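The values are calculated or read from the model by the stated rules, or taken from the named source; none is laboratory data. Note that the structure is predicted; figures quoted are calculated from it, not measured. Cβ: placed from backbone, ideal geometry, glycine included. Neighbour counts: every protein chain shown. Note: accessible area is taken over every heavy atom of the protein model, side chains too, but ligands, DNA and RNA are not part of it. Shrake-Rupley method; radii C 1.70, N 1.55, O 1.52, S 1.80 Å.
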Amino acid sequence: MRKHRLTFWLILIIAAVGIYTLFNFRLFSGAHQEERNVTVILKTLNVRLDFWQAVSQGAEAAAKEMGIRLSVDGPLSEDDAEGQLRLLEEAIERKPQAIVIAPIADKRMPEAFAKAREAGIQLVIINDSPDATSAPIIVTTDHGKAGRLAGEAAIEATDGYPLIAVISDEESSAVSEERLKGLRHALASYSESVIGTYYADNAEDRAYAIVMELLRRGEPINAIIALNESASQGAAAVLKELNKAMEIKLIGFDSTSDEVQLLESGTMTASIVQKPFNMGYLGVKIAQKLMTGGKAEPVTYIDSNVITKENMYTTENQKLLFPFINSK
């Protein structure tokens, strides 16, 4: 009898300890979960720009998977540095555990980043050049490699005799400079293959005017490499208007619905497509790692794919071209 009584009390004590431990674990882990919050600040929230919508969707997927409270913000225009800086200041005042930001180029950004770190906020930069910011953690497309892929696509499309006009956005763009470096590397063995690099200031109509003027002057080009979406659209409009798509190969960047149609019609020979969903996902995932005391690589690179009319219907490339459909 005494032995049975001892066993009963032992079981009771073990059960009490178990319940106490479980209660405290849930209590403290629940509080910890509530504290895990991340603010994502994009270059723009413009719903017409598929790239940033895909970045946002990737961030939301990561937050849902890891139980993080997420807020996503951004100015209406990709060149509204003033508006983005204001949003960053407001986020710092709210003191989330981490901020993930795709910064618009502005000399005041490093100071704002330093202020965030001084407030104890983990900072992750996405879609920027590793040399362009003082932030310690960056998640970005390998823009140098993307530029090299564009150069290789132009060489292949012109049967090894490229005469290229390059349409970039702004001379101050660190991303475009990385792409230009990669492009030059790919064309190193092709002397005088680039007839010129022209800056369209991130405006489709400006890119249109540049290409139209080049063709009006009779410049001997057989390929155009457009280093961003607006340049791609502007160049394509000229080639369609003048019926020049067969003789001048257009290598573009990004994967808007309009560019998908340009690939399908043959107006655009190839597009270098980034993986914005992956960028948003990894940005938040790395932020979560930093929030919980983990370490992260200073730079995480994301590859790009070369999409053509011939390979655009593969399962992998369909996911890149239509991220909203494939992620539902």
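Numbers for the structure displayed
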read-out	value
Matching residues, the stretch 251-272, being open to solvent by less than 20 Å² (accessible area, probe 1.4 Å) and touching a Lys or Arg at 6+ places or on another chain (Cβ under 9 Å)	F253, T256, L262, L263, T267, M268, A270, I272
Those residues of the stretch 92-112 which are over 19 Å from the mean Cα position of the chain (by Cα), surrounded by fewer than 22 Cβ atoms within 10 Å (Cβ to Cβ) and not basic (K, R), in sequence order	I92, E93, Q97, P110, E111, A112
First in the stretch 192-209 and within 18 Å of S77 (Cα to Cα), second anywhere and open to solvent by less than 70 Å² (accessible area, probe 1.4 Å) and of a type in the set (D, E, K, R), Cβ under 6 Å, 6 or more apart	N202/D169
Any hit, the stretch 43-50, residues being assigned to a helix (DSSP H, G or I) and surrounded by fewer than 17 Cβ atoms within 10 Å (Cβ to Cβ)	no
Those residues of the stretch 220-237 which are of a type in the set (A, V, I, L, M), buried (at least 24 other Cβ atoms within 10 Å of the Cβ) and part of a helix (DSSP H, G or I), in sequence order	A231, A235, A236
Positions within the stretch 273-318 being assigned to a loop (DSSP other than H, G, I, E, B), open to solvent by less than 20 Å² (accessible area, probe 1.4 Å) and among the polar types (S, T, N, Q), in sequence order	Q274, S304
The one condition in (1) buried (at least 16 other Cβ atoms within 10 Å of the Cβ); (2) modelled with pLDDT under 95; (3) farther than 19 Å from S271 by Cβ that E171 fails to fulfil	(1)
Meets criteria (assigned to a loop (DSSP other than H, G, I, E, B) and of a type in the set (A, V, I, L, M)) for M268	yes
A188 part of a loop (DSSP other than H, G, I, E, B), surrounded by fewer than 18 Cβ atoms within 10 Å (Cβ to Cβ), of a type in the set (A, V, I, L, M, F, W, C) and out of contact with any strand residue (DSSP E or B) (no Cβ under 6 Å at 6 or more places or on another chain)	yes
